[in-house]
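Just so you know, all these numbers are worked out from the coordinates, no wet-lab data involved. Note that the structure is predicted; figures quoted are calculated from it, not measured. Reconstructed Cβ throughout: ideal geometry from the backbone, glycine too, with neighbour counts over all protein chains shown.
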Amino acid sequence: MSWKKFLTSPVFFKNFAIALLIVAASVFGVMKFLSVATNHGEEIPVPNLSKMSVEKAEERLNDIDLELQLLDTVDFNPAFPPYSIVEQDPLPAVTVKDGRKVYVKINSGGYSKVVLPELVQKTYRQALSTLRALGLEEGDVKYVEYMAKDVVLEVKQNGKTLKAGDRILKSSKIDFVLGDGKTGFQDEEMDSINASEQLAPAPAEEDAE
């Protein structure tokens with residue numbers, strides 16, 4: 001049989017139809033396999049892990065085929081329990097495929113300590129700026145008689161005088177003792193001095209030789 005007759009024969013069309021069915025079935029099978037392998041169309045909403053312990057968050061994620069990945073520990077935030085989750089990525093309610101990692105950061109167990117720098121003889125503005133940069137807070141301010149106004153004379157915490165180099169918990173309140181800008185002389189004392197100078201006898205002139 002010639003090729004021309006074969007290509008136009010019923011046998012050829014039958015075989016061609018069978019081949020098309022096999023190809024179509026193969027393509028469908030591959031697409032179905034990829035759909036199942038990649039969980040196509042199946043997405044999981046990420047739960048809110050805020051304030052959970054790492055152990056509880058891991059259990060919650062494992063139940064829905066997600067994985068927890070710890071990134072870092074952040075400075076203590078009093079709005080969250082110690083060692084609880086404060087940040088997560090992806091955010092809550094974002095839909096992801098199963099097996100996805102959820103990255104979290106946890107709260108420290110408490111405030112860390114900072115080293116107090118030298119603040120005595122600094123201006124109040126300078127000292128306050130340094131204080132806030134260290135994560136400390138301003139407490140009470142007391143003025144005492146001193147020639148320079150708003151110069152720091154002492155720093156205290158709960159009545160105890162602090163010195164440079166002391167270690168203090170962040171977020172602690174620090175009290176200041178400042179100069180009031182007065183010299184220490186009262187007006188009455190100045191008047192008394194002036195009056196004494198006026199009443200003092202003038203020195204006698206030496207006789208000319």
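Values as computed for the structure displayed
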item	result
Per-pair calculated FRET efficiency, R0 = 41 Å: VAL115 and ASP180 via Cβ, rounded to 0.05	0.90
Sites matching trypsin sites (Lys or Arg not before Pro) across segment 109-180 that sit in DSSP coil, with at most 12 neighbouring C-beta atoms within 10 Å	LYS163
Assigned charges on the beta-carbon of Lys, Arg, Asp, Glu; segment 113-179 dipole about Cα centre (debye)	240
Approximate spin-label separation VAL94-ASN158, in nm, with each point projected 7 Å along Cα-to-Cβ	4.3
Peptide ranges 16-28, 64-76 listed from the most packed, as the mean C-beta count within 10 angstrom indicates	64-76, 16-28
